[in-house]
Amino acid sequence: MTLQANSTPAPAAARRKRQPVPVAQTTIEDDFWSPKLRLVRQVTLDDVFTKFEKGEAFANFDKVARGERGGFHGHPWFDGLICETMRGAADFLAVEYDAQLDERLDGYIERIAAAQAADPDGYINTYVTLTHPDKRWGANGGSQLYHHEMYNAGCLVEAGVHHYLALGKTNLLALAVRFANYMCDTIGPAPKHNLVPAHSLSEEALIKLYRLFRQQPDLAAQLLPGRDPAQYLELARFWIDNRGNHQGRISFTEYAQDHCCTVDQPEAVGHAVRAVLLYIGLTALGLELDDSGYLAAAHRLWQDVTERKLYITGGVGPIHEYEGFSYGYYLPNTGYLETCAGVGLAFWAGLMGQAFDGAVYADVYERALYNNILPGVSLDGKRYTYQNPLTAKGNIHRWEWHGCPCCPPMLLKALSELGGQIYAYDDEDIYVHQYVGGRSVIPLPAGEVELTQRSSYVWEGRVAITVHTPGARTFGLRLRLPGWSGDFRLRVNGQPPSPVEIEHGYAVIRREWQDGDTIELELAMPVERVAAHPFVNDVRGKVALQRGPLVYCLEGVDNPDEPNPVLPADAQFEAQYDPDLLGGVAVIRGAAQDGRQVVAVPYYAWDNRPAAAESEDWMQVWLGQAGLEKATLTEAGDLTGWENVLYRPLPL
Ligand SMILES: [Zn+2]
């Protein structure tokens, strides 16, 4: 039984063009996810918009529209965060229309439009316009690093594209196009300005804009008269190629991945959110151009991140001071692990899974989703994390709002887009990447296929998928065998299917499917004690409890006597579902070496119950394990079994 058995295949592995299924074509009906998504849509989305309104972030647009100067509220990137929230709202609308939300967005769009109309170029950055109108694009000593001009523009473009795809409306997209055109006219090879985003995001956003117009020439004729949509792809490429080219501008250094050309960057460095968003752009560009150079660079960075710098929770970026990456295997329990970085990693994993063969990408998506993104919001939907460390002693709690509230909008766009990550397809096959119940229409080239998935995930490993097709249809169904699951059972219409090939972490069933055919997959879900690579100093000799994709933690409220239990070498655990605890969770119970009880709950649900006493205000993921230190790092330094692997279950 090998956890994280799905390792990253060599980049030379045959690459098939995989497509994601548009978010609008999946309806999630799932015991675990449906209540959570309903809460996020009904409570969290409103909460985030309302808190931005109260903080006068929307009022910044009104002031620009009225031609005022001064009076800016918030940080320069608040324009972008508002747009990110609108993108999340658009994806929710794509799945289920809501007139009130549509109207609310229209109200916001009007205010952004009025701000843009006040500028002859269509430029929008309320901070620069209200505070330093002479310092646009870093002119006259302006701080490009702080202004976030291209980041905000990218968020506007993303929101415009998603809003159009959800509703067919161009009122937001038209604003994005106007700003994007201004950037295309201003930024690029000489004689244009050599400017690259100091905070990535706009790279992929412009590629999305290009792809939208390439796929919809009528829309391009309407919104882009006399212009070629390829300009957006070229600008994204310029941004990725011109990292490290500091001619005529300051360097943003390794902090913002500006130390050398992106394809030459040997490892993940600097601010983790900026980094993963840049790698998303790099991967999207490689996919769009079918360019092995860009994709090879993405693959190298992916291996660095997932094989040396990834926490067991899917968090990345341990360093507090610059919210960033450190050197390989430096994964302290107090790591920063910003929710935004986990969201970026998850989206990057989705794109890497389109570019390269292997279930490992969907594994990483799942790890980040359940253990680094989901903890980002409280069970009541109104409190948030910024950092997601693996240990806390009264010093870390969710907050109602933050001076830099970047994580709630990022969390919203990750969860609203979940339906788009469940399946993918290529010319011949459908990939089942996530086990989430619901209905999805897969636009295979040979004709649409509807899949209904019923899943007892995440508390049990049973999944049933029924095929709906008007007539017989031949295709391969590729079911991800998660890296954490060593054992599985597969049935088609109640019988063991033949043949089943295991390829790059997928069970592949290729046959002529009939309407009503049902595939049943049962994944073993024992409680595992997981050890980290022996080079990870902070957790050597320790284990984390994991069941299925969920990482568990101990909280003081459940374990009042024992903040640092040591588990016996033969520790036994039981998992039992408790519908009344933390919105319904499987609780893990076992005994420590001294006989005292150990109670663990899913990490995502921690910090949702007040501690009765200061001494109970703690949380811990990694636990002592008797006799383990010797077994993981022998004097001879035996690293057998740890090649390209960061986490493995006991026994090693
Ligand atoms: Zn954040």
*Can you give the accessible area of residue 462, probe radius 1.4 Å, in Å² rounded to 10?*
120
*Pop out the carbon and sulfur fraction of the accessible area of the chain as a percent, whole number, probe 1.4 Å.*
48
*About the Cα centre of segment 541-596, what is the dipole size in debye to 20, counting +1 per Lys and Arg Cβ and -1 per Asp and Glu Cβ, all else neutral?*
240
*Cα centroid distance between segment 605-619 and segment 498-566, in Å?*
26
_With bins 10 Å wide starting at 0, give me the P(r) of segment 428-523 over every alpha carbon pair, in whole percents._
16, 55, 28, 2
_Given a 1.4 angstrom probe, what's the average accessible area per residue across the chain, in square angstrom?_
36
*asked:* Compute the angle between helix 202-215 and the longest alpha-carbon principal axis of the chain, please, reported from 0 to 90 degrees and rounded to the nearest 10.
replied: 80
*Partners for residue 542 among lysines (Cα-Cα distance below 19 Å; same-chain residues under 8 apart left out)*: 309, 393, 630
*Quick one: ranking 162, 132 by accessible area, 1.4 Å probe, largest first, what do you get?*
132, 162
*Per the chain: cysteines with no other Cys C-beta under 4.7 angstrom?*
184, 260, 261, 340, 404, 406, 407, 553
*For the chain, with the dipole built from +1 on Lys and Arg beta-carbon atoms and -1 on Asp and Glu ones, taken about the Cα centre, which of 326, 256, 364 lies farthest toward the positive end?*
256
*Obtain the nm distance between the two label points defined at residue 170 and residue 464 by a simple spin-label model: each point lies 7 Å from its Cα along the Cα-to-C-beta direction.*
4.7
*Considering the convex hull of the alpha carbon atoms of segment 30-252, report its projected area averaged over all viewing directions, in nm², one decimal.*
13.0
*Under 17 Å from a label point 7 Å along Cα→Cβ of residue 639: give me every residue in segment 517-559 with its amide N that close.*
532-541
*asked:* How much length would be gained if the chain were fully extended between residue 652 and residue 393, taking 0.36 nm per residue of separation minus their Cα-Cα distance, in nm to one decimal?
replied: 90.2 nm
*Please give every one of the aspartates and glutamates within straight-line cross-link reach of residue 17, meaning a C-alpha to C-alpha distance under 15 Å, and leave out same-chain neighbours fewer than 8 residues apart.*
288, 290, 291, 357, 426, 427, 428, 429
_Students sometimes get this wrong: rank 517, 290, 218 by accessible area, probe 1.4 Å, all chains present, largest first._
218, 290, 517
*Round to the nearest 10 and report in Å² the accessible area of residue 41, as given by a 1.4 Å probe over the protein chains' heavy atoms.*
40
*Assuming a ≥ b ≥ c are the square roots of the Cα gyration tensor eigenvalues, decide whether segment 527-649 counts as rounded (a/c under 1.5), prolate (otherwise, with a/b larger than b/c) or oblate.*
prolate
*Of 401, 389, 156, whose Cα points farthest to the positive end of the dipole of the chain (charges on the beta-carbon: +1 Lys, Arg; -1 Asp, Glu; origin at the Cα centre)?*
156
*Once phi is turned into θ = phi - 60°, what whole-Hz ³J(HN,Hα) does the Karplus curve with 6.51, -1.76 and 1.60 give for every residue of segment 363-372, x standing for Gly and Pro?*
4, 5, 4, 4, 4, 5, 4, 7, 10, 10
*Specify the inter-centroid distance of segment 253-296 and segment 81-112, based on alpha-carbon positions, in whole Å.*
30
*Could you check the simple spin-label distance between residue 537 and residue 194, using points 7 Å along Cα→Cβ, in nm with one decimal?*
3.9
*For segment 215-337, what's the radius of gyration and Dmax over Cα atoms, in angstrom?*
17.0, 55
_Residues residue 53 and residue 145, FRET efficiency given R0 of 41 Å [Cβ-Cβ distance, rounded to 0.05]_ = 0.90
*Given a 1.4 Å probe and the protein chains all in place, what does the accessible area of residue 425 round to, in Å² to the nearest 10?*
30
*Roughly how big is segment 428-523's charge dipole about its Cα centre, with Cβ charges of +1 (Lys, Arg) and -1 (Asp, Glu), in debye to the nearest 20?*
140
*asked:* Just to be sure I understand the model, the point goes 7 Å from the Cα along the line to the Cβ. What's the resulting residue 503 to residue 322 distance in nm?
replied: 4.3
*Please report the relative contact order for the chain, taking Cα pairs under 8 Å with a sequence separation of at least 6, and give it as a percent rounded to a whole number.*
15
*Give the calculated FRET efficiency between residue 106 and residue 593 to the nearest 0.05, with a Förster radius of 51 Å applied to their Cβ-Cβ distance.*
0.25
*Ranked from the most accessible area to the least, with a 1.4 Å probe and all protein chains present, what is the order of 51, 309, 542?*
542, 51, 309
*Calculate how steeply helix 339-355 sits against the longest principal axis of the alpha-carbon atoms of the chain, using the helix alpha-carbon long axis, and give the answer as 0 to 90 degrees to the nearest 10.*
90
*For segment 145-258, count all C-alpha to C-alpha pairs, find those more than 16 Å apart, and express that count as a whole percent of the total.*
57
*Using a simple charge model, +1 on the beta-carbon of Lys and Arg, -1 on the beta-carbon of Asp and Glu, nothing else, what dipole does segment 363-408 show about its Cα centre, in debye to the nearest 20?*
180
*Taking K and R as +1 and D and E as -1, what net charge do the other residues with C-beta under 12 Å from the C-beta of residue 301 add up to?*
-1
*Only Cα pairs under 8 Å and at least 6 apart count here; give the relative contact order of segment 428-523 as a rounded whole percent.*
31
*Based on DSSP H runs of at least 4 residues, each adding -39500 (n - 2.57), what is the mean residue ellipticity at 222 nm of the chain after dividing by all its residues, to the nearest 500 deg cm²/dmol?*
-10500 deg cm²/dmol
*Translational D in µm²/s for the chain (Stokes-Einstein at 20 °C, 1.002 mPa s, Kirkwood Rh from C-alpha pairs)*: 84
_Using a Cα-Cα cut-off of under 18 Å, which lysines could be cross-linked to residue 51, ignoring same-chain neighbours fewer than 8 residues away?_
382, 413
*Extended-chain gain in nm, criterion 0.36 nm per residue less alpha-carbon gap, residue 68 and residue 185*: 39.5 nm
*Could you tell me which of 575, 639, 599 has its Cα farthest along the dipole of segment 527-649 towards the positive end, charges placed at Cβ (Lys, Arg +1; Asp, Glu -1), taken about the Cα centre?*
639
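The values are calculated or read from the model by the stated rules, or taken from the named source; none is laboratory data. This one's a predicted model, so the numbers in the text were calculated from it and none came from an experiment. Neighbour counts run over all protein chains shown; Cβ positions are idealised from the backbone, glycine included. Only protein heavy atoms, including side chains, enter the accessible area calculation; ligands, DNA and RNA are left aside. Shrake-Rupley method; radii C 1.70, N 1.55, O 1.52, S 1.80 Å.
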